[in-house]
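Below: one structure, written as structure tokens.
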Amino acid sequence: MMEKVVSTQRTFFRKGKTRNISFRKEQLKNIKSILKDNEDAIFQALDADLHKPAFETYETELLITYQEIDHILSNIDQWAAPQKVNGSLFNFPSQNHIYQQPYGVTLVIGAWNYPLQLTLNPALGSMAAGNATIMKPSELAPNTSGLLAELINDNFEPGYLTVVEGDAETTQALLSQPLDYIFFTGSSRVGKIIMTAAAEQLTPVTLELGGKSPAIIDASADLPVAAKRIAWGKFINAGQTCVSPDYVYVDQSIEDQFCELLQQYITEFYGDDVQQSPDYARIINNDHFNRLTNFIDPEKVYHGGATDSADRYIEPTILSGISWDDDVMQEEIFGPILPVLTFEHLDEVCNSINTHPDPLALYIFSSNRETQDNLIQSISFGGGCINDTVAHLGNLELPFGGVGNSGFGNYHGKASFDLFSHSKSIMRKKSWPDIPLRYPPYDGNLKWLRKLSNLL
Ligand code: NAD
């Protein structure tokens, strides 16, 4: 069956329809109008999968997708046009251009935490670049996966754009087919499986993975702003965000003050009984619920800690007195539990982060420019913010991606277009002049080559 899916796409791609920029624009506009017409169904699907508040669905799933489409539509003519570059002396006279060529058939594999956006958004880049695209949303968000399949498969030619639903086995079946590009969002563990399968066929791959993303707060920081923005970035989608602050590193002199403020904002955002708040999501499934509750060491709970398995509810929880030896520091948390670590000197912070796998994001709260620059340069991480969390994702001019264990390859905006395009370099020449220097026999030519190279 997957053979048929991929061969249908290859046949369609070879017809050349996607080379036409107007065709690509039409298809992107079509996606936007389908999403607009089905916003209520999308709110319902995300509510069913994650109890995601409609505001968060609009902000983090729909708006981000609409903006991506609008940005592509405004810029695609320029991105897709052959780019003229300088010639070189040894090839004078020549015209030199870089052409952007679609790869062919691409596969986008999505994660469950932002199940619409993380599958659709990379696919928009693939479409903009002129590829035929197969999307495989996460089976762990079945309502969104089903709705996306319905919306796409009812409205697009399967050879151009299609959704294949299924689990690991389905993905494996797709990966065994000849694909031209694979874009994966998910865990580092599965990322290795994807890359191994891609290596078999030398298929290029992008891995958007996760990791433990720190928020660092020094003594010069505006503490209320730090606490408020960290509480927002951590507890949106109940902490199930790849770039949410995984843990906090705070100057020990301000720890108490920071924790009190954090507590205050949690109550301000979600009320005294968070379980009753309409603005707070739930954990995706029982496995993740059980994994997360094991991190809550009652002796270290500073705030929260309540759970309800029937509702897959975990209260926003702050843990204090935490060190790198605690269980909660051994893997990406990916839930509403925030451990707070303290430091005396920032050097300790750099050393400990750099001796662990590279984070996807890092957040610095400081009013000292030197400290900000020093941390940016001395720690390896995907990207981040100064005095905010998560917000860097909202700027399409900023390429988004990880490094090391948090993945490789960047997307969003132009970065997506470039990622899904092969840069084909072309030198255009005339038959005349044909300078004889390069041709054998080389007798005496070396002296001229030396003279010429000295002119450079
Ligand atoms: P996951 O790795 O379990 O699953 C991701 C996708 O891979 C799903 O579509 C799933 O069906 C498929 N899959 C699972 N096992 C497979 C296997 N053995 N073979 C082939 N395919 C398989 O990830 P997840 O639980 O959906 O997402 C959570 C992780 O993703 C976290 O680590 C998070 O940080 C990361 N993430 C990263 C980003 C980013 O943009 N960098 C965004 C969201 C999530």
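The values are calculated or read from the model by the stated rules, or taken from the named source; none is laboratory data. All values derive from a computational prediction rather than experimental measurement. When we count neighbours, we look across all protein chains shown, and the Cβ atoms used for this are built from the backbone with ideal geometry, even at glycine. Please note that ligands, DNA and RNA were not included when accessible areas were found on the heavy atoms of the full protein model with its side chains. Shrake-Rupley method; radii C 1.70, N 1.55, O 1.52, S 1.80 Å.
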Could you pull out the residue among Lys424, Lys447, Lys429 that is surrounded by fewer than 11 Cβ atoms within 10 Å (Cβ to Cβ), basic (Lys, Arg) and more than 14 Å from the chain's Cα centre (by Cα)? Lys447
Please enumerate the residues belonging to the stretch 33-43 that are open to solvent by 50 Å² or more (accessible area, probe 1.4 Å) and either outside any helix (DSSP H, G or I) or closer than 16 Å to Asp154 by Cβ (or both). Ser33, Lys36, Asp37
Given the criteria within 11 Å of the ligand (Cβ to nearest atom), among the hydrophobic types (A, V, I, L, M, F, W, C), in a helix (DSSP H, G or I) and modelled with pLDDT of 95 or more, does Ile193 qualify? yes
On the basis of being within 26 Å of Tyr280 (Cβ to Cβ), more than 17 Å from the chain's Cα centre (by Cα), crowded, with 20+ Cβ neighbours inside 10 Å and touching a residue at least 24 places away in the same chain (Cβ under 8 Å), does Pro339 make the cut? yes
Residues of the stretch 282-322 that turn out to be within 16 Å of the ligand (Cβ to nearest atom), open to solvent by less than 30 Å² (accessible area, probe 1.4 Å) and in a loop (DSSP other than H, G, I, E, B), as a count: 4
Residues (under 22 Å from Phe12 (Cα atoms) and not in a helix (DSSP H, G or I)) located in the stretch 112-136: Ala129, Gly130, Asn131, Ala132, Thr133, Ile134, Met135, Lys136
Is one or more of the residues making up the stretch 92-111 surrounded by fewer than 24 Cβ atoms within 10 Å (Cβ to Cβ), farther than 11 Å from Phe417 by Cα and without any contact (Cβ under 8 Å) to a residue 24 or more places away in the chain? yes
Please tell me if Ser406 is of a type in the set (Gly, Ala, Ser) and either open to solvent by 20 Å² or more (accessible area, probe 1.4 Å) or closer than 24 Å to Leu319 by Cα (or both). no
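Per-residue answers, yes or no, for (1) out of contact with any strand residue (DSSP E or B) (no Cβ under 8 Å at 6 or more places or on another chain); (2) of a type in the set (Lys, Arg); (3) crowded, with 24+ Cβ neighbours inside 10 Å:
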| residue | (1), (2), (3) |
| --- | --- |
| Lys212 | no, yes, yes |
| Ala231 | yes, no, yes |
| Cys242 | no, no, yes |
| Asp246 | no, no, yes |
| Asp251 | no, no, no |
| Glu255 | no, no, no |
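Could you look through the stretch 171-188, keep only residues that are of a type in the set (S, T, N, Q) and more than 9 Å from the ligand (Cβ to nearest atom), and pick out the one that is most open to solvent (accessible area, probe 1.4 Å)?
Of the stretch 171-188, the ones of a type in the set (S, T, N, Q) are 171-172, 176-177, 185, 187-188.
From what is left, the residues that are more than 9 Å from the ligand (Cβ to nearest atom) are 176-177.
Numbers: Ser176: 76, Gln177: 31 Å².
Across the stretch 171-188, the extreme among qualifying residues is Ser176.
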Filter result (closer than 13 Å to Ser126 by Cα and among the hydrophobic types (A, V, I, L, M, F, W, C)) within the stretch 1-20: Phe13
Within the stretch 211-227, can you find the residues that are farther than 21 Å from Ile322 by Cα and in contact with a helix residue (DSSP H, G or I) (Cβ under 9 Å, 6 or more places away or on another chain)? Ser220, Ala221, Pro224
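Looking only at the stretch 44-54, count how many residues are open to solvent by 40 Å² or more (accessible area, probe 1.4 Å) and part of a loop (DSSP other than H, G, I, E, B). Explain how you work it out, then say what you get.
We begin by selecting, within the stretch 44-54, every residue open to solvent by 40 Å² or more (accessible area, probe 1.4 Å); these are 44, 47-48, 51, 54.
In the following step, the residues that additionally are part of a loop (DSSP other than H, G, I, E, B) were identified as 51.
Qualifying residue count for the region: 1.
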Taking the stretch 15-30, which residues are out of contact with any Ser or Thr (no Cβ under 8 Å at 6 or more places or on another chain) and either under 16 Å from Ala129 (Cβ atoms) or crowded, with 20+ Cβ neighbours inside 10 Å (or both)? Gly16, Lys17, Thr18, Arg19, Asn20, Ile21, Ser22, Phe23, Lys25, Glu26, Gln27, Leu28
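Check Asp325, Asp279 and return the single one that is open to solvent by 30 Å² or more (accessible area, probe 1.4 Å), touching a Phe, Trp or Tyr at 6+ places or on another chain (Cβ under 8 Å), in a loop (DSSP other than H, G, I, E, B) and of a type in the set (Asp, Glu). Full working, then the answer.
Numbers: Asp325 fails: touching a Phe, Trp or Tyr at 6+ places or on another chain (Cβ under 8 Å).
Only one candidate qualifies: Asp279.
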If we scan the stretch 141-163, do we find a residue that is within 10 Å of the ligand (Cβ to nearest atom) and open to solvent by 10 Å² or more (accessible area, probe 1.4 Å)? no
Please give the number of the condition Phe90 fails out of (1) at pLDDT below 95; (2) within 16 Å of the ligand (Cβ to nearest atom); (3) of a type in the set (Phe, Trp, Tyr). (2)
Condition met for Lys25 (part of a helix (DSSP H, G or I) and either touching a residue at least 24 places away in the same chain (Cβ under 8 Å) or not assigned by TED's automatic domain parsing to the domain that holds Pro142 (or both)): yes
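When you scan the stretch 201-257 for strands (runs of 3 or more DSSP E) that lie fully inside it, which ones turn up with 3 or more residues that are within 16 Å of the ligand (Cβ to nearest atom) and within 21 Å of the chain's Cα centre (by Cα)? Don't jump to the end; show me each part of the working.
Working: elements: 205-208, 214-217, 247-251.
By residue number, 205-208.
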